[in-house]
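These notes are about the structure you will find just below.
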């Protein structure tokens with residue numbers, strides 16, 4: 001029973017990661033890409049948690065903490081970068097379709 005739950009959970013996390021990577025690549029705004037990047041980081045940490053529970057090991061705890069910290073710092077760095085220059089918050093699309101987002 002545990003194997004079925006683990007495989008189902010891993011499949012859902014992989015699907016979430018793939019969909020988030022698609023959003024990172026084609027996301028219409030920078031904010032969408034930042035949120036998708038954060039979702040990918042969280043999904044990978046979730047996969048590590050599920051695998052370490054399944055394998056009954058504590059070897060991945062440090063890696064999970066480091067990866068969580070890197071995902072958080074990356075998201076904060078993107079937001080700080082955009083906060084300093086709000087002109088980067090443009091919609092990615094056709095030439096005449098560039099609009100600023102409302103804060």
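What follows is calculated from the coordinates using simple rules that are stated; it is not laboratory data. Since the structure is predicted, the reported quantities are computational estimates derived from the model, not experimental observations. Cβ: placed from backbone, ideal geometry, glycine included. Neighbour counts: every protein chain shown.
Of the residues screened, residue 10 is one that is surrounded by 13 or more Cβ atoms within 10 Å (Cβ to Cβ) and either in a helix (DSSP H, G or I) or in contact with a helix residue (DSSP H, G or I) (Cβ under 7 Å, 6 or more places away or on another chain) (or both). Selection of segment 19-36 for residues being within 16 Å of residue 78 (Cα to Cα) and crowded, with 18+ Cβ neighbours inside 10 Å yields 30, 33, 34, 36. Evaluate the following for residue 39: is it free of Cβ contacts under 8 Å to residues at least 40 places away in the same chain and surrounded by fewer than 13 Cβ atoms within 10 Å (Cβ to Cβ)? The answer is no for residue 39. Filtering segment 42-51 to residues that are out of contact with any helix residue (DSSP H, G or I) (no Cβ under 6 Å at 6 or more places or on another chain) and either in contact (Cβ under 8 Å) with a residue 40 or more places away in the chain or assigned to a loop (DSSP other than H, G, I, E, B) (or both) leaves only 51.
Within segment 52-80, the set of residues being closer than 22 Å to residue 4 by Cα and either touching a strand residue (DSSP E or B) at 6+ places or on another chain (Cβ under 6 Å) or not in a helix (DSSP H, G or I) (or both) comprises 56, 57, 58, 60.
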